[in-house]
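Heads up, the thing below is written out as structure tokens.
Read-outs: derived from the displayed coordinates by stated rules, not from any lab. All figures in this text were calculated on a predicted structure; none of them were measured in a lab. Backbone-built Cβ (ideal geometry, glycine too); neighbour counts: all protein chains shown.
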Amino acid sequence: MAFKLKEFLKAQVSAFIGGVADFGIYSFCYSVLGVPAHISNAISGALGAVVNFTINRYWSFARTGQSIGSQLWKFIIVVLGSILLKSSGIYVLVEVLSCHYLLSKLIVELIVSLGFNFVLQKFWVFKK
């Protein structure tokens with residue numbers, strides 16, 4: 001049980017680091033460049049995913065014995081699904097419900113990261 005909790009916590013640290021990169025890029029694209037919130041999310045999500053994949057492969061799940069290619073294509077599918085879910089959620093919250101763009105990002109990130117990303121990364125992308 002402790003090992004699984006440790007792995008979960010490491011994955012959350014990885015997600016946090018990737019999320020910080022994602023949030024910074026998202027804020028820059030939206031606030032400075034004027035890119036719409038849902039498109040800013042797609043850009044920042046892709047770049048944050050590179051950080052997250054690297055940390056998860058080498059530290060969180062420590063699955064370097066598997067080929068990077070077999071993990072990478074699965075990870076890309078998860079990231080694309082995640083970006084689609086997050087961008088759609090942010091679009092609804094910001095454009096339809098007029099929520100603040102950062103609050104919207106935070107709410108959607110938490111739901112998708114825990115309910116979608118972690119589960120698929122643990123049991124499919126970085127499966128033992």
query = For Gly48, all conditions in the list (1) surrounded by 14 or more Cβ atoms within 10 Å (Cβ to Cβ); (2) in contact with a Ser or Thr (Cβ under 9 Å, 6 or more places away or on another chain) hold save one; what is the number of the exception?
reply = (2)
Ser60 vs. criteria surrounded by 19 or more Cβ atoms within 10 Å (Cβ to Cβ), in contact with a helix residue (DSSP H, G or I) (Cβ under 6 Å, 6 or more places away or on another chain) and closer than 16 Å to Tyr30 by Cα = no
task = Please work out which residue is farthest from the chain's Cα centre (by Cα), limiting yourself to the range 69-109 and to residues that are touching a residue at least 60 places away in the same chain (Cβ under 8 Å) and surrounded by 16 or more Cβ atoms within 10 Å (Cβ to Cβ).
result = Tyr101
query = So how many residues does the range 17-40 have that are part of a helix (DSSP H, G or I) and either surrounded by 14 or more Cβ atoms within 10 Å (Cβ to Cβ) or among the basic types (Lys, Arg) (or both)?
reply = 16
message = List the residue pairs whose Cβ atoms are under 8 Å apart, where the first residue sits in the range 29-50 and is under 19 Å from Trp73 (Cα atoms), the second is basic (Lys, Arg), and the two are 6 or more positions apart or on different chains.
response = Gly45/Lys86
